[in-house]
Each structure stands twice: as structure tokens, then as C-alpha cells.
Amino acid sequence: MSEAAVAKRIRRAARLIVLDPLGRVLLFRYDVPGRPPFWVTVGGECDPGESFEDAARRELREETGFEAEPGPQICRMTPEFVTVEGEPVQADERFFRVHVRHTDVDISGHTELEQRLMKEHRWFTRAELSGWHEYIYPRDLAELIEKDPQP
């Protein structure tokens with residue numbers, strides 16, 4: 001059977017565009033063996049039966065220590081990619097924007113896998129997003145920061 005004939009698992013995920021009082025966005029850097037380093041927004045896979053909104057709240061708390069309402073969904077993306085565990089998936093990612101009052105990130109809620117692969121985090125200005133020397137996902141993050149919520 002060809003690879004194209006094998007259906008990929010749908011990976012439902014909530015992603016958060018976390019903005020500080022200066023309008024900078026928080027990103028985490030992944031160092032996955034055998035791949036170039038890359039930066040992503042806060043977020044992750046929904047638990048079974050979990051809504052995207054509930055996953056957004058949980059992921060925000062676990063990855064950053066922030067307690068905040070994510071607000072309405074601003075974007076949906078459905079990329080195909082290989083997870084950091086090596087599984088090819090069809091993603092169903094919902095993006096939410098959240099504003100936080102301070103920049104003190106608490107990573108104590110990271111899983112063992114996140115502790116191993118998420119080597120650093122930083123607050124990026126919009127100008128830094130376009131010229132950064134490593135891959136940033138999503139590529140159009142600067143535009144998403146300004147995007148109106150979906151109806």
C-alpha cells in the first residue's frame with residue numbers, strides 16, 4: 001500500500017498567540033534531533049473529548065503558568081507535518097490570542113518531552129518575526145497577531 005493511501009491521524013490542537021504588554025509574542029524553541037531548530041506558539045494537542053477552548057486554557061497554564069481567557073478563535077489551520085515524536089499527522093489547529101500582564105514564564109508544568117525538546121523561550125517583536133534566522137510557525141504569525149476573530 002502506498003504512503004498516500006494511508007490516512008493520517010487528525011491531530012486536534014489549540015495554539016495561543018500570547019502577547020505581553022509591549023505587544024511582543026511568546027515563542028518556544030524546539031531542538032528535535034535530526035531537524036533544524038524551530039520556534040512555535042504556545043499550545044498543543046487536545047485531550048480526548050476536550051474542546052479547543054479548554055485545551056487552550058490548559059496548554060497556556062501548563063506551558064507558561066499564565067491563567068487567562070484565550071478569547072475567540074482567530075484562525076484555523078490544517079497543515080500536514082511530522083510530530084516531534086515522528087508521527088505524520090493531519091493537523092486541525094485552532095488559534096487564539098491572549099494578552100498577559102507580565103512576562104514571567106513558568107515552565108514547571110512542562111512534560112518530560114517538552115523539558116527535553118523545548119530548549120528556550122523568548123518574547124519576539126513583530127519586526128523580529130520577519131527576519132528571524134530559524135523557522136517560525138506559523139509563517140504568517142505577524143499577520144495573525146492583528147487578525148480579527150472569526151465569526
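Observations on the structure shown:
- Neighbours of GLU59 by Cβ distance under 13 Å: Lys/Arg scored +1, Asp/Glu scored -1, total -4.
- For the chain, Kirkwood radius (reciprocal of mean inverse C-alpha pair distance, Å): 15.9
- Nearest-20 debye value, the chain charge dipole, Cβ charges on Lys, Arg, Asp, Glu: 300
- Folded to 0 to 90 degrees: helix 52-64 orientation relative to the chain principal axis, Cα: 70
- For trypsin sites (Lys or Arg not before Pro), the sites in region 1-96 that DSSP calls loop and that have at most 16 other Cβ atoms within 10 Å are LYS8.
- In terms of surrounding Cβ atoms within a 10 Å radius of their Cβ, TYR135, TYR30 rank from fewest to most as TYR135, TYR30.
- Taking packing as the residue-averaged number of other Cβ atoms within 10 angstrom, the listed peptides 80-87, 139-146, 64-71 run from highest to lowest as 64-71, 139-146, 80-87.
Throughout, read-outs are computed from the coordinates displayed, never taken from laboratory work. This is a predicted model, so every value here is computed, not measured. Ideal geometry is used to build each Cβ from the backbone, glycine not excepted, and the neighbour counts take in all protein chains shown.
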